[in-house]
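The values are calculated or read from the model by the stated rules, or taken from the named source; none is laboratory data. These numbers come from a predicted model, not from an experiment. So basically every Cβ, Gly included, is an ideal-geometry build from the backbone, and we count neighbours across all protein chains shown. For accessibility, only protein heavy atoms count, side chains too; no ligands or nucleic acids. Shrake-Rupley method; radii C 1.70, N 1.55, O 1.52, S 1.80 Å.
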Amino acid sequence: MLDQLSTPSTSIVQVQNEKRPSLFSRMIRTPGIVVGAIGLFLIALLAFAVPPLAHLDPYAVDPMSRLQGSSAGHILGTDTFGRDLLARILSGAQTSLVVGFLVALVSGVFGTVIGVVAAFNSVLDQILMRFCDGLMAIPAILLAVALAAALGPSTTNLIIALTVVYTPYLARLVRSRAIAVKSEAFVEASLSGGARPWHVILRHVLPNTMSVIVVQSTFTFAESVIVEAALSFLGAGVPAPTASWGNILYDGKSVVASAPQMVVFTSLILVITILLLNVLGDGLRDLVDRRAQRHIAHFSIFGIGRKRRTAKKGGAA
Amino acid sequence: MLMYVAKRLLALIPLLFAVSVVIFSILHLTPGDPARAMLGAKASAAQVDALRERLGLNEPLIIQYFQWVADALRGDLGDSIFLRKSVVAAISDNVQPTMQLALLAIIFALVISIPFGTLAARYRGGVLDQTVNGFTLIGLAVPSFVLGLLLILLFGVWLRVLPVSGYTNPFEDFGRGMDSLLLPALALGATISAYITRTTRAAVLDVLNAEYIDAARSRGVGERRLLFSHTLKNAGLPILTVVGLTFGALVTGAAVIETIFNIPGLGSLLIQAIPRRDYAVIQGVVLLVTVVFLLVNLLVDILYGFIDPRVRLAKSGGK
């Protein structure tokens, strides 16, 4: 019974797929995805492979050679404590990539769980979504600052704070997408045929939501890198002596006249990383089904996540 | 129209309730005793007890929450034990530079983004459009504090034409005041202008494809008038919405920018409160900015309904 009913739904999806080229070939024909993925891979390679190979130590202090320009020993020069700037920037890249990736991953998982639960349980839906609204109404950096201040300065606490900030956006996205999928004819058929909610979630909702989660998580990654740098710059993020782009920029600010390389090179790699993540996210979004696209909220830094919800709620009220 | 405004106001109440719960919870998330965290390890047990008593931390959580909300509704956000004044006084002492900075930044952003966004849409696919798109792509990847540092390097260190630090109130000394606000406002406005340019371009493109534009053109309306009068007026609504939404980014961006340029605003107040664990100030600033942010967006929503009757009909009488 159950198999008979769910068979047509999957065959429809397959027919659609046969008309279009495979996902992989569509991806490699989207310039943004190719450029973004290769660029980020190179940055990750630089960050994780070069320091051990070139014996770069981001913590080796040399007070005799503070704030030097570029030389054979220090390709990008040295910082305020005489530490090698290249080693600091690459170590900062590790911090940024790990923080950004973990925040994107954890908020993706929590957001998916909360969103699916909200879509399938109307009582929890009210409670969870009101709480998400409260979190989303507070501008992202402000909420991150307050949370980081309350939890105390450490990299783990920063990741927790950023996860709390970005999970509601994912939860809202997954919820609205899950409700849309739930009302599709093939899912209603499956449900009326006696399929359990678990079956529907695993078989229909998650596969049809995965694409928007990936896109949204890419943007979360980009924003986490920005907010991590901003918070570390303000002294509310990654604590010294751990290297972070925000810390290096903070140290570089006071010596910007004598050692501009600290600000210039760090800004450069920070901007390139965010640019690559944005380009990758835009490319991935272009591949996503148009109907699903409207749920994606980019630039929650600007509070944009709220806009669509207000419009939608207004329309339904 | 009144019904519409009332409905929007009523919808704000559950949201404010959720916001207040979140902000209240933040303080109580602190691992360990907040009073101990504020006073540091050297404080005696008696001092910690006295502060706990003063902050009302010995009451049950639910009582503490309602006490805090009741005080906030009366306009009392508590006292900062470090600044030795009330949080409301601290905020009102620091709010002026932030508002000036935010206002100047949004003016910069609009002056850059409205013409470029409109022209990019008009000459879609052309050189100008591609240049504008390239700049917005980069603009969205440059955080305002990074741009601020680079501007300091360029204008303050290399060209030596503008001050890189400090603040003068433009109402007291207009020239010096504007000099002190120019770089921070530019840093803040540029990032936001990238976003508004994109919205403007998309909104103008939408309108340019509308049939009433074809109709106006066939009536003999000139191209320039068509673009800046007919099109831009109708594209104004989405642009207005985005301007309202960027308010949150403006104020939080200002918080970071202020610390770079040593401007004594709300951001500096907030950032100085973090290492001191001055929770009353942190809660107060976050609450105030969020409430103002929500009110600004409510105002935009109401303006939206005021300008475009379709919006208010769809939202209040549609069903």
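If region B:94-275 were replaced by its equivalent ellipsoid, with semi-axes equal to the square roots of 5 times the Cα gyration tensor eigenvalues, what would those be, largest first, whole Å?
Numbers: eigenvalues 256, 52, 43 Å².
In descending order, the three semi-axes are 36, 16, 15 Å.
3J(HN,Hα) along region A:135-143, derived from phi through the Karplus expression 6.51 cos²θ - 1.76 cosθ + 1.60 where θ = phi - 60°, amounts to 5, 6, 6, 8, x, 3, 5, 4, 5 Hz, with x in place of Gly and Pro. Coupling constants for region B:14-28 follow from the phi torsions by the Karplus curve (6.51 cos²θ - 1.76 cosθ + 1.60, θ = phi - 60°), and in residue order they are x, 5, 5, 4, 4, 4, 5, 4, 4, 5, 5, 5, 4, 4, 8 Hz; glycine and proline get x. Per residue, the solvent-accessible area of region B:94-275 (1.4 Å probe, heavy atoms of protein chains only, all protein chains present) comes to 42 Å².
Ligands, DNA and RNA excluded, the heavy atoms of B:Thr200 present near 0 Å² of accessible surface to a 1.4 Å solvent probe. Note on chain B: with a GNM built from Cα contacts shorter than 10 Å, the maximum mean-square fluctuation among B:Asp76, B:Asp301, B:Asp214 falls on B:Asp214. These residues, B:Lys233, B:Lys42, go from largest to smallest accessible area, 1.4 Å probe, as B:Lys42, B:Lys233.
Across region A:243-257, coupling constants 3J(HN,Hα) worked out from phi with the 6.51/-1.76/1.60 Karplus curve, θ = phi - 60°, read 7, 8, 4, x, 4, 4, 5, 5, 4, x, 4, 6, 10, 4, 6 Hz, and Gly and Pro carry x.
Do the sum for the protein assembly as shown: with -39,500 (n - 2.57) for every DSSP H run of n ≥ 4, divided by all residues, what is the mean residue ellipticity at 222 nm, to the nearest 500 deg cm²/dmol? Could the numbers behind the result be given before it?
Details: 27 runs with 467 residues, N = 636.
Computed mean residue ellipticity for the protein assembly as shown: -24500 deg cm²/dmol.
Here is the list for region B:121-227: chymotrypsin sites (Phe, Trp or Tyr not before Pro) lying in DSSP coil, each with at most 11 other C-beta atoms within 10 angstrom of its C-beta, are B:Phe171. For A:Ile127, the solvent-accessible surface with a 1.4 Å probe is about 110 Å², rounded to the nearest 10.
Report, to the nearest whole %, how much of the accessible area of region B:94-275 belongs to carbon and sulfur atoms, 1.4 Å probe, protein only. Mind dumping the intermediate values first?
Numbers: 4940 of 7720 Å².
Accessible surface attributable to carbon and sulfur in region B:94-275 totals 64 percent.
Evaluate E = 1/(1 + (r/R0)^6) for A:His199 and B:Met1, where r is the Cβ-Cβ distance and R0 equals 51 Å; express this FRET efficiency to the nearest 0.05. Between A:His199 and B:Met1 the formula returns 0.55.
Note on chain B: the C-alpha convex hull projects to 22.0 nm² when averaged across all orientations. Taking B:Val221, B:Val88, B:Val281 as the candidate residues, the one with maximal mean-square fluctuation in a Gaussian network model of chain B, Cα springs under 10 Å, is B:Val221. With 20 Å² as the minimum drop in accessible area between chain alone and full protein complex (1.4 Å probe), the qualifying residues in region B:184-217 are B:Tyr195, B:Arg198. Reported to the nearest whole Å, the Cα centre-to-centre distance from region A:20-48 to region B:219-280 is 33.
Once you sort the root eigenvalues of the Cα gyration tensor of the protein assembly as shown as a ≥ b ≥ c, which label holds: rounded (a/c under 1.5), prolate (a/b larger than b/c) or oblate (the other case)? Here the protein assembly as shown falls in the rounded category.
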